[in-house]
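See below for the structure under consideration.
The values are calculated or read from the model by the stated rules, or taken from the named source; none is laboratory data. Because the structure is a prediction, the values reported are computed rather than measured. For neighbour counting, all protein chains shown are included, and Cβ atoms are generated from backbone atoms with ideal geometry for every residue, glycine included.
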Amino acid sequence: MRLKVCGLTCTSELRLLAGSPVNMVGLWHGVPDGKADLPLGTLSELAAVATERGLEPVLVTLLDDPEQLRAVVAASGIRRVQLHGYTTPRQVAAVRAALPGVGLVKVLHVRRGKVLEKPFVAAFERAGTDLFLFDSVADDGRIGSTGRPLDAAAVAPVLESVRIPFLLAGGLTAAVAGDHGAALRHDGFLGVDVDSGARRPDGTLAPLLIDGIRHAWSTERKHRREEHRREEHRHAVTVG
């Protein structure tokens with residue numbers, strides 16, 4: 001299982017995560033008024049430090065202009081881009097054409113019991129998306145690191161049409177792993193993306209919380225997959 005920690009802003013946070021059970025770090029750029037938005041120079045510096053320490057940097061952005069994104073990728077060296085805004089399949093295809101060697105993550109926004117992009121899942125896949133990320137939208141419309149719990153019941157039916165790997169995000173902690181059984185049973189489940197769930201009330205990263213998240217979700221994933229295999233075996237025996 002992959003674990004991504006988002007919203008990092010300084011090298012001390014990266015040093016803290018080095019050697020932890022974290023695989024990816026989300027670095028914000030092109031997120032106007034975002035609490036963790038970074039200027040290009042800082043983005044590039046942190047991306048280099050992350051890579052040196054064995055952490056994959058992910059550009060988290062609301063930018064959707066292909067040429068702007070090409071310039072940011074060229075300057076920062078980042079090889080995975082998370083399109084966090086309400087980009088259309090056509091816009092994703094244009095970004096894909098501009099960044100042929102870069103992994104594209106498309107956020108699917110979950111608000112008030114619905115995955116807003118549900119009708120376009122297949123179109124996003126055809127456009128060149130490599131990875132989906134389901135994330136919660138706050139009641140006031142804010143997106144990205146809102147801390148609002150992800151609605152598992154809204155996500156579950158959409159998974160039936162997902163053909164590429166996906167991450168879950170949105171107020172995730174160790175305690176809620178058991179709520180997401182449908183996602184954990186799915187072949188495409190890649191891992192979880194956390195921000196507030198990995199931090200103390202003062203906003204500093206908490207290694208013990210991060211370890212707990214990794215352990216809880218990995219354990220629950222194993223349990224759900226074993227349960228799913230037993231169900232498939234019972235069904236095969238019954239049919240046979």
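Condition check ((1) of a type outside the set (S, T, N, Q); (2) within 23 Å of E56 (Cβ to Cβ); (3) buried (at least 20 other Cβ atoms within 10 Å of the Cβ)) across all residues:
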residue	(1), (2), (3)
A182	yes, no, no
D193	yes, yes, yes
P207	yes, yes, no
R214	yes, yes, yes
S218	no, yes, no
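Answer with yes or no whether V72 is in contact with a His (Cβ under 9 Å, 6 or more places away or on another chain) and of a type in the set (V, I, T).
It is true that V72 is in contact with a His (Cβ under 9 Å, 6 or more places away or on another chain) and of a type in the set (V, I, T).
Which of the residues belonging to the stretch 152-173 are farther than 14 Å from L108 by Cβ and crowded, with 19+ Cβ neighbours inside 10 Å?
L172
Pairs only if they're at least six apart or on different chains, beta carbon under 7 angstrom, first in the stretch 153-166 and of a type in the set (S, T, Y), second modelled with pLDDT under 95 and surrounded by 18 or more Cβ atoms within 10 Å (Cβ to Cβ); list them, first residue then second.
none
Which is in a strand (DSSP E or B) and in contact (Cβ under 8 Å) with a residue 24 or more places away in the chain, of F124, F120, F132?
From the options F124, F120, F132, the qualifying one is F132.
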